[in-house]
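What follows draws every value from the coordinates through simple rules; no lab data is involved. All figures in this text were calculated on a predicted structure; none of them were measured in a lab. Glycine also receives a Cβ, built like all others from the backbone with ideal geometry; neighbour counts cover every protein chain displayed.
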Amino acid sequence: MPPQTEILMELHDLTIHELHDRLKRKEVSSVEATRALLARIEAVDPKVNAYITVTPEEALAAAQDADRRIAAGDIAPLTGIPIGLKDIFVTKGIRTTCASRILGNFVPPYDGTAVARLKEAGAVIVGKLNQDEFAMGSSGESSAFGPTRNPWNLECIPGGSSSGSAAAIAARTATATLGTDTGGSIRQPASHCGCVGLRPTYGRVSRYGVIAYASSLDQVGPLTRDVTDCALMLQAVAGHDPLDSTSVDLPVPDYTKALTGDVKGLRLGLPKEYYIAGLDPDVKMALDEAIETYRGLGVEFIDISLPHTDYAVATYYLVATAEASSNLARYEGVRFGHRAEGAASLIDMFRKTRAEGFGAEVKRRIMLGTYALSSGYYDAYYLKAQKVRTLIMQDFLKAFETVDAILTPVAPTPAFRIGEKTRDPLQMYLSDIFTIPVNLAGTCAVSVPAGMSGNGLPIGLQLIGRPFGEETILRAAHAFEQATAWHQRKAQI
Ligand code: GLN
């Protein structure tokens, strides 16, 4: 029997399914696993800043409940598993900030649907994770609670906006996490932190109780250590919810059953617009090697075109900011969170509250969105963007007539250095060039570890699926994972 500390040392490294097996065999209890995780957070998180709020008391109480369930023979895949939530998920009785000063003291009276489903499945919520303020960003630097750092290199960004959700996986301070993806916010940080991140099809997971950024683009999804865990997390949160009218009433398949390891004859598309000259050489090399690996597994590659790709970033920044300007109108100091002191009138109070409460990037987005929606500019910007969005959607539907899924880079470069792009919003926006079209099309995509840069930073590949084609991309991602060892690498922290 190894000394107790050694058991604790390794518990935080386990995947969901590995920990589940140990819980089931009663080799370890959920309380022990949760304590190990909490100790790890205490030791490592001061360097990473992945957490805004840690909830040890609630976590240990939930772990005790889970242990009782397990003792009674009632164990589901997530029972007793320590999970972290992006701070965009409304949690009953637990402060929910969306990484903004304006919600700095907001304690919600209810759980959102995804959170409630995780809890019903027996998951142990260990805390709320850092992110870009209101999920606006690609680096984690716009948080009012300070930037999150990349566990692979603390001088680098972890990606965003689900920065804490990805960094906590890489730092092994959560067994799995939940994030949201409006323009790439699950896939891009997953790629930069060497984890698996899935953005499900719009409507697959309920958005009830997710603080809205751009409602027609937002979607909830998991970040995990491997594809099996990703399937297990999706299983727990997917499905129709009467509380979200955009959630779709389609049966939820058994996602782990899709992980057959067999991709022979699968047709993967390579869109010429994504394999551009400016692609970072390390990213390109990882993609080329991935294509070879897949060829060896019997995958067929087909050159395709998504002709409207060039317009995706501009279209996104009109649609997303327009929706954000409307969604964020509710924060005026009356109903939620922060309220400015010493205002001379009601209007003055709104003004001061919003001036004090929102950070620079959020203000920029509100101004852009308000402009795009204003009379005289609406037709030229917002309406035009909606039309281009339809063209982008049609590009994908056409491609899926000949291919089963599409293989692309996730981000044009590996993680960049903290501060490198904060002064140039356009450069920051371009980080999402390969992820944004998926959101505009409303379909699903997964990021899987596929390589390392020369300076030791992870690189992911993206598999884009048909609407509700999660099983196919998970199967393809899993087969790749089986054939490679990238997901087993650990950040030395
Ligand atoms: N980086 C993109 C943005 O800033 C995407 C963010 C997201 O997916 N939430 O809007």
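Against the criterion of being outside any loop (DSSP other than H, G, I, E, B), out of contact with any Gly (no Cβ under 9 Å at 6 or more places or on another chain) and basic (Lys, Arg), LYS421 does not qualify. Looking at LEU279, LEU270, LEU243, LEU266, just one residue is closer than 19 Å to ILE88 by Cα and in contact (Cβ under 8 Å) with a residue 40 or more places away in the chain, and that residue is LEU243.
Just checking, how many residues over the stretch 327-346 are assigned to a helix (DSSP H, G or I) and in contact with a helix residue (DSSP H, G or I) (Cβ under 8 Å, 6 or more places away or on another chain)? Matching residues across the stretch 327-346 total 1. Number of residues in the stretch 391-416 that are assigned to a helix (DSSP H, G or I) and not acidic (Asp, Glu): the value is 8. Applying the criterion of at least 2 residues that are under 22 Å from GLY465 (Cα atoms) and in contact with an Asp or Glu (Cβ under 8 Å, 6 or more places away or on another chain) to the helices (runs of 4 or more DSSP H) found wholly in the stretch 145-254 leaves 187-193, 227-237.
Taking ILE433, is it away from the ligand (no atom under 16 Å from the Cβ) and either in contact (Cβ under 8 Å) with a residue 24 or more places away in the chain or outside any helix (DSSP H, G or I) (or both)? Here the answer is no, as ILE433 does not meet what is asked.
Going through (1) aliphatic (A, V, I, L, M); (2) within 15 Å of the ligand (Cβ to nearest atom); (3) surrounded by fewer than 24 Cβ atoms within 10 Å (Cβ to Cβ) one by one, MET393 falls short only on (2).
Residue-by-condition table, conditions (1) without any contact (Cβ under 8 Å) to a residue 60 or more places away in the chain; (2) in a helix (DSSP H, G or I); (3) in contact with a helix residue (DSSP H, G or I) (Cβ under 9 Å, 6 or more places away or on another chain):
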site: MET285; (1), (2), (3): no, yes, no
site: TYR294; (1), (2), (3): no, yes, yes
site: ALA312; (1), (2), (3): no, yes, yes
site: SER325; (1), (2), (3): yes, yes, yes
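Residues in the stretch 40-62 that are over 28 Å from SER161 (Cβ atoms) and in contact with a helix residue (DSSP H, G or I) (Cβ under 8 Å, 6 or more places away or on another chain): LEU60 alone. Counting the residues of the stretch 412-470 that are among the acidic types (Asp, Glu) and closer than 23 Å to VAL220 by Cα gives 2. Restrict the check to the stretch 397-419 and report whether at least one residue is without any contact (Cβ under 8 Å) to a residue 40 or more places away in the chain, of a type outside the set (A, V, I, L, M) and away from the ligand (no atom under 14 Å from the Cβ). Among the residues of the stretch 397-419, at least one is without any contact (Cβ under 8 Å) to a residue 40 or more places away in the chain, of a type outside the set (A, V, I, L, M) and away from the ligand (no atom under 14 Å from the Cβ), which makes the answer yes. The residue that is farthest from GLU120 (Cα to Cα), counting only those in the stretch 34-66 that are without any contact (Cβ under 8 Å) to a residue 60 or more places away in the chain and crowded, with 20+ Cβ neighbours inside 10 Å, is ALA36.
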